[in-house]
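The values are calculated or read from the model by the stated rules, or taken from the named source; none is laboratory data. Quick caveat: nothing in here was measured; it's all calculated off a predicted structure. Here the Cβ positions follow ideal geometry from the backbone for every residue, glycine too, while neighbour counts run over all protein chains shown. All accessible areas refer to the heavy atoms of the entire protein, side chains included, with ligands and DNA or RNA removed. Shrake-Rupley method; radii C 1.70, N 1.55, O 1.52, S 1.80 Å.
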Amino acid sequence: MILRARRQGAGMGRVGNAIAALAVATALSTMVVAVPAQAQGTQSDSIAARAAGQGQERLLLEARELIYNNDNNTVTAVGDVEMYYGGRTLQADRVIYDQNTGRVFAEGNARLIDVDGTVATGDRFELTEDFRSGFIDSLRVEQTIVDQGRPTRARFSAPRAERIDGEQTIFQRGSYTACDTCEKDPTKPPLWQVRAARVIHDNESRTIYYENASLEFLGVPVAYIPYFWSPDPTVKRKTGFLTPTFVFSEPLGFGVTIPFFWATGDSHDLTFRPTILHRQGVLADVEWRQRLLTGSYSIRATGIFQQDRRAFHKPPSGAGDRNFRGSIETQGRFAINPRWNWGWDVTAVTDKWYLENYRIRSSNITTSYVRDAISTVYLTGRGDRSWFDMRGYYFKGLTSTDFQKQQPLVHPVLDYNKRVDGPPGLGGEISIDANLTSLSREVSQFQPIDPRNPLTTTTFGGVYTTCAPGAFSSDQCLVPGVAGTTSRASAQISWRRRVIDDLGQVWTPFAYARLDSVWFSPKTDGYDNARIPNFIGASGDRFHARATPAIGLEYRFPLVASAGRFGTQMIEPIAQIVARPNEPRIGRLPNEDSQSLVFDDSNLFDWDRFAGWDRVEGGVRANYGVQYTLAGHNGLYANAMIGQSIQVAGRNSYRPGDLVNVGRDSGLESRMSDYVARLQFQASPHFGVFARGRFDRNRLNLKRLETTAYGRVGPVTANATYAIFDAQPELGYPNRREGLSTGARVELSEHWFASGSMQFDLSRYLEDRQRVGAASGSTRLAIASMGIGVGYQDECTTFTVTYTSAPKDGSFGSRKQNRTIMFQLELRTLGEVGVTQAVGTGQSGLFQ
């Protein structure tokens with residue numbers, strides 16, 4: 001034990017420092033070495049006594065005065081008292097140690113700092129000599145937790161509390177909150193708090209128990225719960241019920257989800273999420289997660305025996321004929337070694353509408369262009385300058401217009417890339433790329449070029465759209481997918497070197513050689529598969545190979561100059577030429593991975609503009625452009641570019657069109673391409689505009705425009721995106737497409753905010769007039785979707801109310817617009833409550 005006394009005087013009843021040190025040390029049963037007293041005076045004196053027993057805790061006491069009362073057998077420390085024992089610190093204005101009972105009494109600005117940093121303050125502490133047990137009057141406990149990088153303070157308070165063995169604290173008539181105390185008025189109640197007859201904080205089990213509890217907002221009780229418990233704020237996972245959520249929709253009815261989390265072990269857990277729906281019954285949802293030595297996996301299963309099947313349409317527009325509906329999802333990722341990983345991501349459903357009808361969210365669902373559930377098994381590897389990726393895919397269409405037999409099964413797709421330095425004397429960098437793709441499908445997919453003339457066919461396998469009889473020709477019908485099996489192996493080796501001469505001109509010579517081998521076995525029986533020879537020629541297995549060597553040069557001459565007070569500016573002319581042989585067999589081979597082509601500034605100087613390996617650009621092509629850049633101060637930045645591509649010699653790969661007419665209506669199909677341009681301007685980090693467009697090569701008519709603007713002025717942050725695409729009739733878009741998306745957020749005060757977004761379909765009226773005539777009643781400013789909301793957020797509470805309206809789409813089973821009101825309340829450290837209500841929704845199918 002170590003004692004330090006800071007004395008400013010001596011008087012009657014005060015003994016020498018050595019005697020006081022010896023008395024306290026003896027009372028604590030420690031061996032004491034006394035230090036002789038120094039002369040009394042106005043300066044602080046110091047006395048120390050050290051415990052010599054091995055294995056015993058040391059106690060350090062600091063105070064301004066030490067007073068020993070021989071009659072009561074007590075030692076009193078007065079003035080800035082600090083006692084340290086076992087990692088705990090007791091601070092107070094006055095501390096009394098009773099040798100008879102072994103109790104420590106602290107009062108006056110008393111606070112106890114525990115081993116974990118928890119701070120407890122009170123008017124009066126009555127503790128055992130190791131500070132682990134005792135009673136505290138007017139206790140206030142503050143515990144700081146860092147969650148996702150954000151600190152949160154949990155606060156307990158009670159007029160009286162009992163501390164037991166340092167592991168449990170019982171708050172009589174206690175309260176708990178994570179909200180900060182009001183600085184202007186500390187007596188003001190927090191935004192929310194839980195009050196209970198007893199609050200028991202068990203540090204060993206890291207659980208908080210509440211008896212006869214009520215939830216208060218601004219001091220007003222709003223809910224009463226006889227008994228409940230919650231995890232300690234420091235707990236990341238613990239067995240128990242999670243926050244319930246409430247749902248409502250017309251086909252499902254009112255419902256409540258009551259999740260239960262079961263921590264079955266340190267490395268695995270089980271979560272039950274049963275949802276009780278008053279119209280459909282009980283929707284079961286269970287998820288198992290486990291972490292192993294080399295990775296982790298999860299399995300989730302959901303299902304329901306429908307009580308009211310009339311809420312859904314029967315096939316082919318819905319699943320109203322099914323008693324049981326469900327899904328299984330599983331994910332896994334495992335490390336083979338530090339460079340190699342393997343895993344899976346699989347989703348299986350009983351029907352294509354299930355996940356949407358029952359609002360089940362899955363990370364495997366894509367919604368960018370089509371709605372699919374994508375299942376994959378993969379093997380990946382990564383080196384210092386190389387990577388390997390091999391995957392198998394299964395696509396499950398999730399809309400009424402998806403015909404599963406037309407979906408491809410990929411077995412597998414493999415990609416490899418390796419980069420090495422060029423040999424001495426040649427320099428530069430050599431890149432080796434390889435791709436292997438093998439896939440099959442049962443039914444060919446036909447799509448009429450004129451979408452006004454489709455033929456919808458219903459079979460036992462579902463509904464699918466095809467071309468009308470007599471229209472199975474390349475000028476009337478597209479073929480996005482060919483039935484049968486297609487396998488392709490491709491390899492490419494490329495070289496490039498960047499050279500800067502004395503004038504600052506940048507010369508980049510490059511060359512590549514590519515080899516593709518394709519084995520194709522079309523299926524010509526069943527459905528409309530017999531029409532395939534109309535597009536690819538004679539049926540039967542076939543093997544094709546193509547070799548594409550290329551050589552090219554890119555030239556840039558950046559001219560840098562000062563822009564005065566605006567910063568530094570640069571003008572950079574760019575020119576490029578690529579020479580290679582013609583692309584063979586255009587339109588005679590399937591095109592699975594190169595169906596998307598958008599010609600703009602981003603790919604003006606690409607060696608090959610096709611997105612995948614099924615197509616390869618051929619012929620001699622020159623590209624040129626000029627770029628201007630301004631880099632200023634305080635975030636000022638501007639960039640502009642304009643350019644064009646020219647087919648110098650050979651066959652233009654974009655002119656003939658393939659099975660899906662890729663290249664047609666792209667701006668590249670003529671010898672002189674359309675002009676592409678880009679403009680970017682940022683006045684400051686809070687305001688900017690970006691636009692890119694394509695303009696007709698002859699009249700400079702606008703063919704394509706995408707523009708985005710964002711800004712922040714005071715409390716208002718806003719953004720807008722506008723896009724217009726000219727008609728592309730050869731790709732199946734006879735009308736222009738035009739849309740506008742806007743969004744804004746307003747900080748109403750320090751904690752309150754409002755937000756909103758709106759999307760406009762500015763060309764829908766063209767489709768409506770084409771379908772039903774000029775009397776359709778459609779307006780140019782058609783609202784496709786919208787959302788508005790208001791919210792509140794501070795250190796302990798997040799509250800939002802939002803209203804959203806999604807577009808009507810029969811393929812997802814909605815008869816009306818899907819309008820939803822969502823209420824969300826999160827009480828930090830306690831949980832989250834969410835209520836979602838679908839307003840006026842129904843279920844529909846393909847035919848209306």
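Brief remarks follow.
- Share of carbon and sulfur in the accessible heavy-atom surface of region 473-580 [1.4 Å probe, %]: 59
- Pairs of lysines in the chain (C-alpha under 23 Å apart; 8 or more residues apart or interchain): 14
- Charge dipole (debye, nearest 20) of the chain; +1 at Cβ of Lys and Arg, -1 at Cβ of Asp and Glu: 2040
- Sulfur and carbon atoms: percent of accessible area, region 230-380 [1.4 Å]: 60
- Counting only protein heavy atoms and a 1.4 Å probe, the chain has 50 square angstrom of accessible area per residue.
- Given their separation in residues at 0.36 nm each and the Cα-Cα distance between them, residue 701 and residue 543 gain 52.5 nm when the chain is fully extended.
- Kirkwood Rh, Cα atoms: Rg over Rh of the chain: 1.09
- Rounded to the nearest 10 Å², the accessible area of residue 633 at probe 1.4 Å: 110
- Ligands, DNA and RNA left out, the accessible area of region 591-717 computed with a 1.4 Å probe is 56% carbon and sulfur.
- Estimated FRET transfer efficiency when R0 is 25 angstrom, pair residue 365-residue 296 (beta carbons, to 0.05): 0.70
- The tail of the calculated P(r) for region 259-415 beyond 18 Å holds 66 percent of all Cα-Cα pairs.
- Cysteines (scope the chain) whose Cβ has no counterpart Cys Cβ under 4.7 Å: 182
- Angle of helix 17-27 to the longest C-alpha principal axis of the chain, folded into 0 to 90 degrees and rounded to 10: 70°.
- Across region 540-604, Cα-Cα pairs more than 17 Å apart make up 70 percent of the total.
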